[in-house]
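The values are calculated or read from the model by the stated rules, or taken from the named source; none is laboratory data. Just so it is clear, the structure is predicted and the values come from calculations on it, not from any experiment. Here the Cβ positions follow ideal geometry from the backbone for every residue, glycine too, while neighbour counts run over all protein chains shown. For accessibility, only protein heavy atoms count, side chains too; no ligands or nucleic acids. Shrake-Rupley method; radii C 1.70, N 1.55, O 1.52, S 1.80 Å.
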Amino acid sequence: AGSFKIRGAYNWATGLSPDELRRGLSTFSAGNTALALAHCARVFGTTCRSILPDYAPEVKVQALRERGIETVLVPFDDLVDYIFSAGWRSEPYTFLHPWAEPAMIAGHATIGLEIIEDLPDVETVFVPVGGGALASGVGCAVGMLNPAARTVGIQTESYSSLAQSFHEGRPVWIEPRPTICDGVAVPFTTDQLYPLLRETVDSVAVVMEAQVRAAIRVLAAESRVVSEGAGALALAAALDTPREERGLSVCLISGGNIQAQLLDEILSVRLA
């Protein structure tokens, strides 16, 4: 599926009844959750559709259509209305909420379990933050198994809603700006998820778009890892944090679904 979202989506899908599966699966997504749900639909022999913002990268939209998934592209404002009015309640599908579904968050928490299993003395875990399901799941598992470890949520300067929410002590909306981190392009923190994020994420760091591009180059050149913008957020923050401050660290490279043209543009800039 090209991203970590398969963990949460599959964990959710395995708990569905035969009747729920027969109704078909549905979600809203910038692309990666929809790709993960498409995989689940294929495994369980059912149909799938996703509502996507009309700025979703073509590489993700095309990948969905190649998998036979119904894609519904809508303006972002219409998607926000759909989210906050719970538009899925009037539809026949079995709906996966990518941020508010407990089984989705629990699936993401398996990443935290594996981090502690492989590196029990980890001091800092850097996690990208969009809606917050990944960060809250990972932070919950890491915090329970190693209370001394810190989970740091990472956002781009263009979509720093959680950072500002932590600063103000309440969920806030921000004015969105252009970003290459489409996977975390969420300009708000929901009232429902905010308390869990406060409990499981120790702090939030914000990086510049140029730092994300640099991190994509480092991953490709030094680790032979192809990362999308959202996936490179964690490394961008780690590289900006003094070694003595972050200690033994883990960066979650959360997705690799990047447009070839954008990747070529980023890699064409010589590494510093």
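What list of ³J(HN,Hα) values in whole Hz, one per residue of the range 138-147 in order, does the Karplus curve 6.51 cos²θ - 1.76 cosθ + 1.60 (θ = phi - 60°) give from phi, with Gly and Pro shown as x?
Those phi angles translate into 5, x, 4, 5, 5, x, 6, 8, 9, x Hz.
Provide the gained length on full extension for the span residue 66 to residue 19, in nm with one decimal, where the gain is 0.36 nm per separating residue minus the Cα-Cα distance. All intermediate terms of the calculation are to be shown ahead of the outcome.
Values: separation 47, 0.36 × 47 = 16.92 nm, distance 2.60 nm.
Result for the pair: 14.3 nm of gain on full extension.
Apply the Kirkwood formula to the chain: the hydrodynamic radius equals the inverse of the mean of 1/r over all pairs of different alpha-carbon atoms; give it in Å with one decimal.
Every distinct Cα pair counted, the radius reaches 18.7 Å.
Which percent of the accessible area of the range 1-42 is formed by carbon and sulfur heavy atoms (probe 1.4 angstrom)?
Here it works out to 49 percent.
Taking the Cβ-Cβ separation of residue 243 and residue 157 as r and a Förster radius of 25 Å, what is the calculated FRET efficiency to the nearest 0.05?
With a Förster radius of 25 Å, E is 0.60.
Would you please give the FRET efficiency between residue 260 and residue 74, computed as 1/(1 + (r/R0)^6) with r the Cβ-Cβ distance and R0 = 22 Å, to the nearest 0.05?
So, using R0 = 22 Å, E works out to roughly 0.30.
Expected output is a single nm value to one decimal: the length gained when fully extending between residue 89 and residue 269, i.e. 0.36 nm times separation in residues minus the C-alpha distance. What is it?
Extra length from residue 89 to residue 269 when fully extended: 60.1 nm.
Could you go through the range 229-238 in sequence order and give the Karplus-derived ³J(HN,Hα) for each residue, using 6.51 cos²θ - 1.76 cosθ + 1.60 with θ = phi - 60°, rounded to whole Hz, and x for Gly and Pro?
In residue order, the calculated couplings are x, 4, x, 8, 4, 4, 5, 4, 6, 4 Hz.
I need the peptides 211-218, 171-178, 155-162, 143-150 ranked by packing, meaning the mean over residues of other C-beta atoms within 10 angstrom, with the highest value on top.
155-162, 211-218, 143-150, 171-178
Give the Kirkwood hydrodynamic radius (Å, one decimal) of the range 153-193, defined as one over the mean of 1/r across all pairs of different Cα atoms. Intermediate values should be presented prior to the final figure.
On the way: mean 1/r = 0.0977 Å⁻¹.
Taking the inverse mean of 1/r over all distinct Cα pairs, the range 153-193 comes out at 10.2 Å.
For a test of the definition: using alpha carbon positions, the gyration tensor, and the 1.5 limit on a/c, classify the range 225-272 as rounded, prolate or oblate.
Oblate, because a/c is 1.5 or more while a/b does not exceed b/c.
Using 0.36 nm per residue of separation minus the Cα-Cα distance, give me the extension gain between residue 144 and residue 119 in nm, one decimal.
7.5 nm
If I compute solvent accessible area with a 1.4 Å probe over the protein chains, what percent of it on the range 138-201 is carbon and sulfur?
52
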